[in-house]
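No value in this document is a laboratory result; all are computed from the given coordinates. These numbers come from a predicted model, not from an experiment. Don't worry about glycine lacking a Cβ; one is built from the backbone with ideal geometry, like all the others, and counts go over all protein chains shown.
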Amino acid sequence: MSKALQVVDLSMKFDDQEIFKKINFSLETGSMTALLGPNGAGKTTLVRILIGMLSPSHGYFELADDVKVGYVPQFRNIDPDYPLSIKSFIELNTPFWKSQKVKDQVNHILQETHLKGLADTRMGEASGGQKQRAYLAQALLDQPNFIILDEATASLDPKAKEELMSLIAHLNHEHKMTVLFVTHDIPLAKRYMKDYLYLSDGTVSQGKMEDFKESFN
Amino acid sequence: MFVYEFMRNAFWAATFIAITCGVVGVYVVARNFSFLAHTLSEIGFAGAAFAILMGLKPLTGMLIFALLGSIGVGELSMQTEQKESSISAISAFFVGLGILFLSLSSSSSSYATNILFGSIIGVSRSSVYQLVGLSVVVLLIIFAIQRPLNYDSFDHIGAAAHHINTGFIGVVFLVALAMAVSIGSQMVGSMLVFVLLTMPSSTARYLGKSIPSMLAWSVGLALLGVWAGLCLGYITNWPVTFFISVIEVTAYLLVYFTQAIKKRA
């Protein structure tokens with residue numbers, strides 16, 4: 001199988017604090033990987049480097065030519081008074097006057113993320129699970145084939161977690177989307193993810209999720 | 001009423017001011033810039049007073065001060081942790097400065113009243129052209145950056161993750177805001193410019209669920225306020241600003257309480 005991402009000797013330092021040093025790993029196209037590790041291990045930092053929001057202090061990474069990365073950040077500023085509907089939120093990165101193609105795309109994504117019936121619900125009034133699906137839907141509008149989700153299930157109840165994970169499994173299965181899923185929830189990762197990356201003490205280890213033994217909770 | 005040229009001028013100016021403030025206001029509220037807009041109007045007040053002292057048009061001074069202030073205050077509001085107190089300090093300083101300029105200029109107190117509370121009736125034809133021109137410039141700026149502005153204003157984290165230059169968009173918007181504050185102040189005065197910049201758009205947040213619908217509600221409510229305000233001011237001879245404030249605040253409270261009752265039901 002071809003490689004979607006290759007990370008080579010990647011290091012990151014903030015002032016004098018070393019986050020990780022010379023880490024190497026690769027992700028295969030269509031793989032489903034959980035990025036695990038204790039708080040402060042540098043998971044979000046690694047993700048931010050991969051999406052180009054941060055520059056590494058040393059080393060580099062390569063994405064395959066046909067890879068387009070989508071990213072669902074960990075936090076969003078959506079308060080209960082937030083006015084936009086789920087549909088309008090998803091459409092934020094589209095032109096003011098939308099072509100039929102964009103409208104069709106939005107409708108398709110609403111359907112795929114099971115938000116069609118909730119399209120007119122205000123984001124501020126949506127449940128945690130609905131909001132997370134809307135964040136994912138917004139990222140999917142760019143038509144990525146590699147999606148990175150940062151702690152997407154952290155604040156969700158068990159039912160909403162299952163819904164979101166089934167959706168991610170569907171994207172991987174049906175659209176062959178490569179998934180990198182940052183989480184602390186090892187049981188959930190064991191159920192849905194196939195591989196793991198474990199970031200701890202500035203190093204990374206990689207393997208099959210079923211073989212993951214370490215616990216940091 | 002429209003047989004008088006001063007009323008026709010007032011309506012033309014008011015219409016463009018309302019459209020501009022209605023549009024800009026949607027982003028002011030989305031970005032939590034209400035306090036900043038108020039501060040800019042106080043900086044603008046000092047600018048207008050300075051212009052009078054120098055023998056210039058108040059609008060010119062207001063524009064210069066508000067534009068310079070927008071960059072400085074904007075930087076503070078984004079960088080400083082204690083932004084509220086630092087912005088308050090700037091507000092207080094500029095209001096003080098404005099009072100000093102007015103006192104030094106030994107102009108009549110009606111000048112101060114006009115700057116603080118508006119003076120749309122009696123606006124000359126050339127001033128109307130100036131206000132319309134400035135409104136068009138503000139609307140063109142917003143139109144030119146509308147896609148990243150929409151994204152950044154309503155989902156700052158998502159926009160940053162999409163590599164949108166949110167810092168640049170913020171600065172361009174502040175320039176548009178400074179201009180909107182300056183022209184809005186001609187209508188309702190620098191003390192009450194936030195009535196046009198934040199009230200219609202705050203009401204629109206309850207009524208619209210998409211950016212186009214919020215823009216439409218915000219502009220519609222601003223237009224309703226200034227048109228009705230001018231008519232009522234003409235009939236009663238009471239200040240136009242008073243009527244505009246009452247109309248915008250009433251609309252906001254009506255919608256706010258209706259929504260609160262709906263939520264409870």
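What's the angle, to the nearest 10 degrees (0 to 90), between helix A:128-140's Cα axis and the longest principal axis of chain A?
Compared with the principal axis, the helix lies near 80 degrees.
In whole Hz, with x marking every Gly and Pro, tabulate ³J(HN,Hα) for segment A:31-39 from phi via Karplus 6.51 cos²θ - 1.76 cosθ + 1.60, θ = phi - 60°.
7, 10, 10, 8, 9, 10, x, x, 4
Taking 25 °C and 0.890 mPa s as the conditions, I'd like the Stokes-Einstein D for chain B in µm²/s, using the Kirkwood hydrodynamic radius from alpha carbon pairs.
132 µm²/s
Can you give the extra length, in nm with one decimal, that the chain gains between B:Glu84 and B:Tyr129 once fully stretched, where that is 0.36 nm per residue apart less the Cα-Cα distance?
12.6 nm
Would you mind ranking A:Met32, A:Met53 by Cβ crowding within 10 Å, fewest neighbours first?
Going from sparsest to densest Cβ surroundings: A:Met53, A:Met32.
With a 10 Å Cβ neighbour count serving as the proxy for reagent exposure, in which order, fewest first, do B:Lys57, A:Lys87, A:Lys103 appear?
A:Lys103, B:Lys57, A:Lys87
Mind giving me the FRET efficiency for A:Glu125 and B:Arg147? R0 is 30 Å, r the Cβ-Cβ distance, nearest 0.05 is fine.
On the way: r = 26 Å, r/R0 = 0.86.
Step by step, r from the Cβ atoms, then E = 0.70.
Averaged across B:147-154, how many Cβ atoms of other chains sit within 10 Å of each residue's Cβ atom? Numbers along the way, then the final one.
Values: counts 5, 2, 0, 8, 5, 1, 1, 9.
Per residue, the average neighbour count from other chains is 4.
By how many degrees, between 0 and 90 and to the nearest 10, does the Cα long axis of helix A:158-175 differ from the longest principal axis of chain A?
Taking Cα atoms only, the helix is inclined about 80 degrees.
Given 0.36 nm per residue, what is the gain on full extension from A:Gln111 to A:Ser57 after removing their alpha carbon distance, in nm?
The A:Gln111-A:Ser57 span can extend by a further 15.3 nm.
Please rank B:His163, A:His184, fewest neighbouring Cβ atoms within 10 Å first, as an exposure proxy.
B:His163, A:His184
Quick one: Debye curve from the alpha-carbon atoms of the protein assembly as shown only, equal weights, vacuum; give me log10 I(q)/I(0) at q = 0.11, 0.13 Å⁻¹ to two decimals.
The calculated log intensity ratios at q = 0.11, 0.13 Å⁻¹ are -0.93, -1.13.
Please report, to two decimal places, log10 I(q)/I(0) for segment A:87-217 at q = 0.10, 0.18 Å⁻¹ as given by the Debye formula with identical point scatterers on the Cα atoms and no solvent.
-0.37, -1.01
How many partner chain Cβ atoms sit within 10 Å of a residue's Cβ in peptide B:155-165, on average, as a whole number? Provide the component values of the computation, followed by the final result.
Numbers: counts 12, 2, 7, 11, 2, 2, 14, 9, 3, 1, 0.
The mean count of partner-chain Cβ atoms within 10 Å per residue comes to 6.
Name all residues of segment A:126-145 having a backbone nitrogen under 18 Å from the label point set 7 Å from the Cα of A:Arg191 along its Cα→Cβ direction, giving them as ranges.
Inside the label zone: A:128-130, A:132-133.
When you count, for each residue, the other Cβ atoms within 10 Å and take the mean per peptide, how do B:174-183, B:227-236 rank with the highest first?
B:174-183, B:227-236
Mind checking which helices in chain B clear 15 Å along their axis (Cα) and have mean Kyte-Doolittle hydropathy of -0.5 or more, DSSP H runs only? Intermediate values should be presented prior to the final figure.
On the way: long enough: B:5-30 (38 Å, 1.38); B:34-54 (30 Å, 1.42); B:58-79 (31 Å, 1.28); B:83-105 (33 Å, 1.39); B:125-144 (28 Å, 1.88); B:166-188 (31 Å, 1.97); B:211-236 (37 Å, 1.59); B:240-264 (36 Å, 1.00).
Flagged H segments are B:5-30, B:34-54, B:58-79, B:83-105, B:125-144, B:166-188, B:211-236, B:240-264.
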